[in-house]
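The values are calculated or read from the model by the stated rules, or taken from the named source; none is laboratory data. If you're wondering where the values come from, they're calculated on a predicted model, not measured in any experiment. Virtual Cβ from ideal backbone geometry, glycine too; neighbours counted across all protein chains shown. Surface accessibility is based on the protein's heavy atoms, side chains included, excluding ligands, DNA and RNA. Shrake-Rupley method; radii C 1.70, N 1.55, O 1.52, S 1.80 Å.
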Amino acid sequence: MKLKLFFSALAPASLLVAYVLLTSPSASEGEPGSPMTATVTSGPIEEEVLALGTLEPSSMVRVGAQVSGQIKTVHIRTGETVQRGELLAEIDAVPQQNALRVAQAKVEDMKAQRRVKQIKMEHAGSTFRRQHSLIEQNAVSRTVLEEAQVTFETLKAELASLDAQIKLSEVDLETAETNLAYTRITAPMDGKVVAVPVEQGQTLNSVQTAPTVAVVANLDEMVVKVRISEADVWRTTPGQGAWFTIIGEPQARYHASLEAVDFAPPSIAKETTPETAQDAAKESAVYYHGIIRVKNTAGKLRTKMTAQVHITVGRAEDALRVPWSALSVRQSDGSHLVKVREKDGAVKERKIKIGLTDRVQAQVLEGLRLGETVLLNQAAPLPAD
């Protein structure tokens with residue numbers, strides 16, 4: 001009975017020891033406590049810049065109201081597709097219609113006044129010419145001739161003034177016609193309605209700012225505004241390959257190319273003095289905008305989605321590769337140190353030069369050969385020779 005209990009207690013401990021031995025990183029070396037190793041291999045390697053981006057429509061217009069008034073009818077809803085020129089909403093047009101009638105009446109009145117003035121000027125012109133012929137015959141005094149001339153010239157100037165006033169009134173008429181047309185708010189482009197921030201019956205005031213009636217966007221093509229950190233922006237240039245994923249579908253990759261990279265951060269537009277620029281630099285990190293353009297064929301990409309962007313800054317096909325974890329910290333001359341296990345089992349430290357890296361593997365330019373064994377545990381001390 002005691003022997004049975006002894007073996008029962010021993011079995012779990014034996015299983016635990018076996019599990020540790022089998023799963024230990026050094027088990028493959030056969031030397032307990034020895035560091036893990038890896039072999040220098042050959043293959044493709046790609047270096048990327050990682051950044052976050054925000055999806056925006058390739059074009060988006062906030063359609064505003066250019067006249068004040070009450071919303072009479074809203075003809076669209078969010079998500080609807082509209083064509084250029086399609087009616088989106090109507091504003092109560094009674095004030096604009098009245099203003100148009102007043103402008104039309106003013107133009108007609110001014111033209112009628114001009115006709116009267118034209119008749120008077122023609123009569124004064126006839127009188128002046130008649131008095132001029134009579135003065136040659138000494139039939140009238142020169143004073144009468146001069147009075148006839150003054151009357152004619154005055155009426156002629158008044159007629160010119162009326163012509164100018166008619167032009168001004170016609171401008172007022174065109175403005176009134178335009179304001180009446182503004183009560184019918186139409187789509188400026190083909191696209192999808194992504195927002196309707198007004199409701200029927202709402203009163204709009206366009207005196208200070210143009211209130212937005214609808215937001216129309218072209219979602220067939222999307223633009224990713226990529227926030228590239230100042231530590232990485234120097235490695236990016238237009239034309240580099242890129243791909244991104246969205247949070248809701250991380251397994252799907254959208255491939256494109258980097259279209260442009262700004263030469264200044266967006267915050268520069270808000271900086272008015274060197275002092276404000278220094279304050280802004282202290283408050284936040286510096287990012288530069290890059291642009292990626294992609295077709296939205298499936299319609300899955302939407303405004304303001306977050307994109308995880310990968311920009312390819314370098315690629316090599318048949319490169320010697322060593323695990324990143326085998327490298328020491330970067331040395332002052334730009335090289336790295338690795339611990340290499342020789343064929344006789346001795347471990348020696350060697351200086352190497354690396355190129356591209358994806359932070360999992362690094363491209364070896366100098367210092368290692370294909371098939372050599374390196375230690376991954378840089379913290380482990382070198383064995384004594």
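Numbers at a glance
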item	result
Index of the failed condition, Glu174 passing every other in (1) touching a residue at least 12 places away in the same chain (Cβ under 8 Å); (2) over 30 Å from Thr312 (Cα atoms); (3) of a type outside the set (Phe, Trp, Tyr)	(1)
Pair list, Cβ < 6 Å and 6+ apart or interchain, from the stretch 91-110 residues that are under 18 Å from Gly201 (Cβ atoms) to residues that are acidic (Asp, Glu) and surrounded by fewer than 18 Cβ atoms within 10 Å (Cβ to Cβ)	none
Residue list for the stretch 330-365, restricted to those being within 20 Å of Val49 (Cβ to Cβ) and among the hydroxyl-bearing types (Ser, Thr, Tyr)	Thr357
Subset tally (residues that are surrounded by 14 or more Cβ atoms within 10 Å (Cβ to Cβ) and assigned to a strand (DSSP E or B)) for the stretch 230-249	6
Number of positions in the stretch 39-51 that are surrounded by fewer than 15 Cβ atoms within 10 Å (Cβ to Cβ) and within 21 Å of His289 (Cβ to Cβ)	1
Residue match in the stretch 105-117 (condition: over 30 Å from Thr178 (Cα atoms) and part of a helix (DSSP H, G or I))	yes
Any chance Leu258 is surrounded by 13 or more Cβ atoms within 10 Å (Cβ to Cβ), free of Cβ contacts under 8 Å to residues at least 60 places away in the same chain and within 28 Å of Gly299 (Cα to Cα)	yes
Residue match in the stretch 139-150 (condition: open to solvent by 50 Å² or more (accessible area, probe 1.4 Å), part of a helix (DSSP H, G or I) and polar (S, T, N, Q))	yes
Check on Leu173, open to solvent by less than 60 Å² (accessible area, probe 1.4 Å) and under 25 Å from Ala103 (Cα atoms)	yes
Conditions (1) in contact with a helix residue (DSSP H, G or I) (Cβ under 8 Å, 6 or more places away or on another chain); (2) crowded, with 16+ Cβ neighbours inside 10 Å; (3) among the hydrophobic types (A, V, I, L, M, F, W, C); (4) not in a loop (DSSP other than H, G, I, E, B): number failed by Leu88	(1)
Unmet requirement for Ser267, which otherwise passes all of (1) open to solvent by 90 Å² or more (accessible area, probe 1.4 Å); (2) more than 21 Å from Gln308 (Cβ to Cβ); (3) among the polar types (S, T, N, Q)	(1)
For Thr73: the one exception among (1) under 13 Å from Thr183 (Cα atoms); (2) open to solvent by 80 Å² or more (accessible area, probe 1.4 Å); (3) polar (S, T, N, Q)	(2)
Hey, Thr127 surrounded by fewer than 12 Cβ atoms within 10 Å (Cβ to Cβ) and hydroxyl-bearing (Ser, Thr, Tyr) or not	no
Given (1) part of a helix (DSSP H, G or I); (2) at pLDDT below 90; (3) open to solvent by less than 80 Å² (accessible area, probe 1.4 Å), number of the condition Ser34 does not satisfy	(1)
Scan of the stretch 299-353 for residues that are modelled with pLDDT under 95, open to solvent by less than 50 Å² (accessible area, probe 1.4 Å) and charged (D, E, K, R), ordered by number	Lys339
